[in-house]
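Student: This is the structure I want to talk about, given as structure tokens.
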Amino acid sequence: QVQLVESGGGLVQAGGSLRLSCVVSGRTFSASAVGWFRQAPGKEREFVAAITWSGGYPFYADSVKGRFTISRDNAKNTVYLQMNSLKPEDPAVYCCAASKKVGTRSPYEYDYWGQGTQVTVSS
């Protein structure tokens, strides 16, 4: 099993920044990649960004490219999502997830999920 715990969500003004953290523990060798997804009320879960477990090959959804940055701290087994220039369309519950596959945007290919952290943007 792989466990993921998110933190760092909160309320921020439009144009502001937040950094989300995802601590990964357990059988981490089972994970080849870690991704961030978000889900707003009444909407489907949406891919945000992902990175390989080694910390390479980050890729992003077009809606966040240039504003969000995903990174990994090997020593802390933590994946970060730095979110800048937050917009009114960014609020959602943000979840991190682990996959045995690399380079996938589909939530169905992620096997382990955290509980999520709420991000709210005020205008």
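Student: Order the following by accessible area, largest value first: Asp73, Asp90. Probe radius 1.4 Å; ligands, DNA and RNA are ignored.
Tutor: The ranking, largest first, comes out as Asp73, Asp90.
Student: Using a 1.4 angstrom probe and counting only protein chains, how large is the accessible area of Val23 in Å², to 10?
Tutor: Roughly 70 Å² of Val23 is accessible to a 1.4 Å probe.
Student: Give the ranking of Thr120, Thr28 by solvent-accessible surface, highest area first, calculated with a 1.4 Å probe.
Tutor: Solvent-accessible surface, decreasing: Thr120, Thr28.
Student: How would Leu86, Leu18, Leu11 line up by accessible area, probe 1.4 Å, largest first?
Tutor: Leu11, Leu18, Leu86
Student: What does the accessible area of Lys100 come to, in Å² to the nearest 10, when a probe of 1.4 Å is used?
Tutor: Near enough 110 Å² of accessible area.
Student: Still on this structure, I have one more. Relative to the Cα centre, what is the charge dipole magnitude of region 13-115, using +1 at the beta carbon of each Lys and Arg, -1 at the beta carbon of each Asp and Glu, and rounding to the nearest 20 debye?
Tutor: Magnitude of the dipole: close to 160 debye.
Student: While we're on this one: DSSP loop (so not H, G, I, E, B), at most 16 other Cβ within 10 Å: list which GluC sites (Glu not before Pro) in region 6-79 pass both filters.
Tutor: In loop regions of region 6-79 (DSSP not H, G, I, E or B), the sparsely surrounded GluC sites (Glu not before Pro) are Glu44.
Student: Something else about it: Starting from the Cα gyration tensor of region 39-89, take the square roots of the eigenvalues, sort them a ≥ b ≥ c, and report rounded, prolate or oblate (rounded when a/c is under 1.5, otherwise prolate if a/b is larger than b/c, else oblate).
Tutor: prolate
Student: Which of the lysines could a cross-linker span from Lys43 if the Cα-Cα distance has to be under 29 Å and same-chain partners fewer than 8 positions apart are dropped?
Tutor: Lys65, Lys87, Lys100, Lys101
The values are calculated or read from the model by the stated rules, or taken from the named source; none is laboratory data. What you see is a predicted model, and the numbers here were worked out from it, not measured in a lab. Ideal geometry is used to build each Cβ from the backbone, glycine not excepted, and the neighbour counts take in all protein chains shown. The protein model used for the area step is the full one, side chains on, heavy atoms only, and it has no ligands, DNA or RNA in it. Shrake-Rupley method; radii C 1.70, N 1.55, O 1.52, S 1.80 Å.
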